[in-house]
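Heads up: the structure comes next, in structure tokens.
Just so it is clear, none of the values below were taken in a lab; they were calculated from the coordinates. This structure is a prediction, so every number in the text was calculated from the model and none was measured. Backbone-built Cβ (ideal geometry, glycine too); neighbour counts: all protein chains shown.
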Amino acid sequence: MKPMHLARVVLGATTAVLLFACGACDRSGELAHPAAAAASAPREAVEVVRVVSKPLDTVIHLEGDLSAYESVAIFARVNAFVSTVAVDRGSVVSKGDRLATLVAPELTAQRTESEATARASQSNSARLKEAAKTPGTVAGNELESAAAVAAANEAKVDSLRALERYLTVTAPFDAVVTERNVHPGALVGPQSSTPMLRLEEQKRLRLTVAVPEPLSGLVADGATVRFSVRSRPGETFEATIRRSANSIDPRTRTMAVELDVGNARRTLAPGMFAEITWPVRRATPSLFVPSSSVVVAAERTFVVRVTGDTLTQVPVKRGARMGDRVEIFGELSPNDLVLRHPSDEDRTGIRVAAVRESP
């Protein structure tokens, strides 16, 4: 190519570049950034709703488990043989009722021998005490030693008699026998891994409910809730809130709450699954928006407020649901307008062309 022709090509390319650059400039002569141009362009009309203020008063459905109010596994206190068992699975017993009788020949022999030794030591102590009435007959330390031996032997007898009382096994409270694992002739003892019997109090039950963390501050001691069980369809039962763990389980983000359930007729049984209608009330009014107005992103939860024609992301925390609305806590006021269907792309500062309010 000739030099003159090469110069014309370079000049033409330079001119094209300059023309393209001028086309991208605004009237002030500055280069317009595409992102800035997009941000300055108003969005189309958006649908908004008003933030409303009203008291929280609703019910939610939770699940729980029924358990015995008191439950105990009965083990033998001493090594012994089972003589008789007075109860069986399903037996209803009262506090103090005899459950089983054990025999321990070695223990009986030890107690008999200790009683004889104790009688001898008591006799010796009494004899020395009587002799000591004559001055110089008995040394003082001998008299004290005899008295100490007599007291120790008597204490040993009392201890063995106390152990023998455990040979009669009695119910520690009113209960139902739910397990029987022994029969007459069986060898039992403290080291056994299997209990002789298991008892459960069933006139009262415990209903344990895992309350979600956002509702944990609304647990009212003494409040009554209703529940149902699958084994008795169509029936409704009542329970009273009595105890709270006051601690959130970090794995489930729930708090364990216990309720007392009257069960005098034993209609319900430990282990049943309960479906609970849980009342949720707050004394002071709360702010509510539709559930669709809350954006839950990876690191934050927010709503998008519309002020004039400008959007603002407002961080919030969610509370309880009430119908199709959700309780929120943040820098908002009643009657503020928020987007009904926002997204993570609705950033602060974006303008909107028009606002259409929906109920």
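At 222 nm, what helix-only mean residue ellipticity would the chain give, in deg cm²/dmol to the nearest 500, using -39500 (n - 2.57) for each DSSP H run of four or more?
It lands at -8000 deg cm²/dmol.
Using Cα springs under 10 Å in a Gaussian network model of the chain, which residue among L62, L268, L160 shows the largest mean-square fluctuation?
Fluctuation is largest for L160.
Rounded, prolate or oblate: which fits the stretch 203-359 when a ≥ b ≥ c are the square roots of the eigenvalues of the alpha-carbon gyration tensor, with rounded for a/c under 1.5 and prolate only if a/b beats b/c?
Prolate is the answer for the stretch 203-359, as a/c is 1.5 or above and a/b outweighs b/c.
Taking θ as phi - 60°, what are the ³J(HN,Hα) couplings along the stretch 264-278 by the Karplus curve (6.51, -1.76, 1.60), each to the nearest whole Hz, with x for Gly and Pro?
Ordered by residue, 3J(HN,Hα) equals 4, 8, 6, 5, 9, 9, x, x, 5, 8, 10, 10, 10, 9, 9 Hz.
What's the FRET efficiency of K129 with T170 using the Cβ-Cβ distance as r and R₀ = 45 Å, to the nearest 0.05?
0.65
Using only the alpha carbons of the stretch 72-188, what is the convex hull's orientation-averaged projected area in square nanometres?
9.0 nm²
Mind listing the phi-derived Karplus ³J(HN,Hα) values for the stretch 159-172, rounded to whole Hz, using 6.51, -1.76 and 1.60 with θ = phi - 60°, and x for any glycine or proline?
With coefficients 6.51, -1.76 and 1.60, one gets 5, 5, 5, 5, 5, 5, 5, 6, 6, 9, 8, 10, 6, x Hz.
Output the antiparallel fraction of DSSP beta bridges having both residues in the chain, as a percent to the nearest 5.
That works out to approximately 95 percent antiparallel.
Taking amide hydrogens as modeled 1.01 Å from N in the peptide plane, which residues meet the under 5 Å criterion relative to V59, leaving out close sequence neighbours?
V280
Hey, can you rank 286-296, 184-194 by average C-beta count inside 10 Å, highest first?
286-296, 184-194
With the crude spin-label approximation of a point 7 Å out along Cα→Cβ, what separation in nm comes out for T194 versus R226?
Result: 4.6 nm between the two label points.
Take every Cα pair under 8 Å in the stretch 72-188 that's 6+ residues apart, average their separations, divide by the length, and report that relative contact order as a whole percent.
It comes to 53 percent, rounded to a whole number.
Any chance you could run the full-extension gain for E106 through A297? It's 0.36 nm times the residue separation minus the Cα-Cα distance, nm to one decimal.
61.4 nm
So which lysines pass the test for K156, namely a Cα distance under 24 Å, with those fewer than 8 places away in the same chain ruled out?
K129
Please list, in chain and number order, the residues 5+ apart from F173 or on another chain whose amide H is under 5 Å from its amide H, with Hs placed from the backbone.
It is G96, by chain and number.
For the chain, with equal point scatterers placed on the C-alpha atoms only and solvent neglected, what are the log10 I(q)/I(0) values from the Debye formula at q = 0.09, 0.12, 0.14 1/Å, to two decimals?
Each listed q maps to, in turn, -0.81, -1.02, -1.15.
Note down the relative contact order for the chain as a percent, whole number, built from C-alpha pairs under 8 angstrom at least six residues apart.
26 percent
For the stretch 326-332, take each phi angle, set θ = phi - 60°, evaluate the Karplus expression 6.51 cos²θ - 1.76 cosθ + 1.60, and give the result in whole Hz per residue in order, putting x for glycine and proline.
Once rounded to whole Hz, the list reads 10, 6, 10, 10, x, 7, 10.
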